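Data first, discussion second: the structure below is written as structure tokens.
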Amino acid sequence: MKKILIAIPRFNIGGAETQGLYLANELKKRGYQVVIGAFGFETGEGYSRFIQSGLECIRWGFQEKIILTPQNGVAGCIRKYRYTLKLLLKVRSMNIDYIIPFTYPTNIIFCAWHQWMKVKKCVWNQRDNGIMFNGTRAEIQSLNNSSNIVSNSLDGLRFLELFTKSKIIHIPNGIDPNLFVPLKNGTKSKKVIMIGNIHGNKDHLTVIKAWKLVLVKFPDFQLIFVGENGSKFDESYALAKELGIQNSVDFKGLIKNIPGILSECCLAVFSSLNEGLPNAVLESMAAGLAVVASNIQGTKEALGNNYEFLVEPQNHMIFAESIIRLLGNEQLREKIGGENLLRVSSNFSIKSMVDRYENLLNG
């Protein structure tokens, strides 16, 4: 039985971690022994999701920044290599065949050192469009030291082509539409949802400004934010209060049942400034929802280049106009939602995603 380590930075709830969970579960069904390894010490729902799936989960016992951004001076350098050696010996003791990292920190660390870990293959697994990759010598060496290079998005693929001559394999995210259910209240729902951790890149501020305008036409509707209260939470909450719409904006934080809450909503919005292939958009599509999204490469890949409700990023006026148009036209919402469900079912299946990873590992 071949043993696979799926390396994530943290046991958090996010798009990359969710995709790692999907991949781990399916590989386990196919007869692989799968281990989830993470830095940090987080507990809670992010950790519970993996445990409840019956997956073996381990922590490395330190934070990745000790290796990636060590303190200056001799002491910091010694500490970096001491913890690097600790990680190497731990992975070697596990007799791992393949490593699939998720996101930048784990890509850098594991692709740089996988030969010392005595694994057969370590995949560079690009999950964004390069927002953390600065093109340093160490980053480029790590990228080109990987056994194979994968990108979940075309935008990420094109970015990596600037730094390597190796073949880059495009493996889009996978979603299981069977996990999602239709609207509980039909098209009569008065809830609009945005899924995404509240930090700068997601640009919740634009949606809040747009929602102020939406409420003029639809005063009894509610905007729901689902995601971790990150670096932009205080500013986002303060803006909602300043605009006098705090009673119509519900900050849910992290929640366990994403399909359940999507089933209570009639429309999804997504205002991110840059993404790889956004899992939140695919989940909204799988729930049969129409989506108003910023016109960036990642959302175009998910929704289609000719999708009608891709709007200019950071333009709250156009966001509001598109939301108002869809809220005011139930038939159009249903039509767009049905098309989104068909597209995600046809182009972003978990089976297809895992088939490609399996072919890559065994090829």
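Residues in the range 173-184: is at least one open to solvent by 10 Å² or more (accessible area, probe 1.4 Å) and modelled with pLDDT of 95 or more? No, every residue in the range 173-184 fails to be open to solvent by 10 Å² or more (accessible area, probe 1.4 Å) and modelled with pLDDT of 95 or more.
Residues checked against (1) open to solvent by 70 Å² or more (accessible area, probe 1.4 Å); (2) in contact with a Leu (Cβ under 6 Å, 6 or more places away or on another chain); (3) more than 20 Å from Arg325 (Cα to Cα); (4) in a loop (DSSP other than H, G, I, E, B):
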| position | (1), (2), (3), (4) |
| --- | --- |
| Leu162 | yes, no, yes, yes |
| Val214 | no, no, no, no |
| Glu235 | yes, no, yes, no |
| Asp250 | no, no, yes, no |
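The residue that is farthest from the chain's Cα centre (by Cα), among those in the range 292-317 that are of a type in the set (A, V, I, L, M) and under 17 Å from Phe218 (Cβ atoms), is Met317.
Tally the residues that are without any contact (Cβ under 8 Å) to a residue 60 or more places away in the chain, closer than 14 Å to Met132 by Cα and not aliphatic (A, V, I, L, M), restricting the search to the range 153-162. If you could, list the steps in order and put the result at the bottom.
Going through the range 153-162, the residues without any contact (Cβ under 8 Å) to a residue 60 or more places away in the chain turn out to be 157-162.
Now restrict to residues that are closer than 14 Å to Met132 by Cα: 159-160.
Pick out the ones that are also not aliphatic (A, V, I, L, M) and you get 159.
So the answer is 1.
The values are calculated or read from the model by the stated rules, or taken from the named source; none is laboratory data. Here the structure is a predicted model, which is why all the values come from computation and not from measurement. Glycine gets a Cβ as well: all are built from the backbone with ideal geometry, and neighbour counts include every protein chain shown. The accessibility values were calculated without ligands, DNA or RNA, using every heavy atom of the protein model including side chains. Shrake-Rupley method; radii C 1.70, N 1.55, O 1.52, S 1.80 Å.
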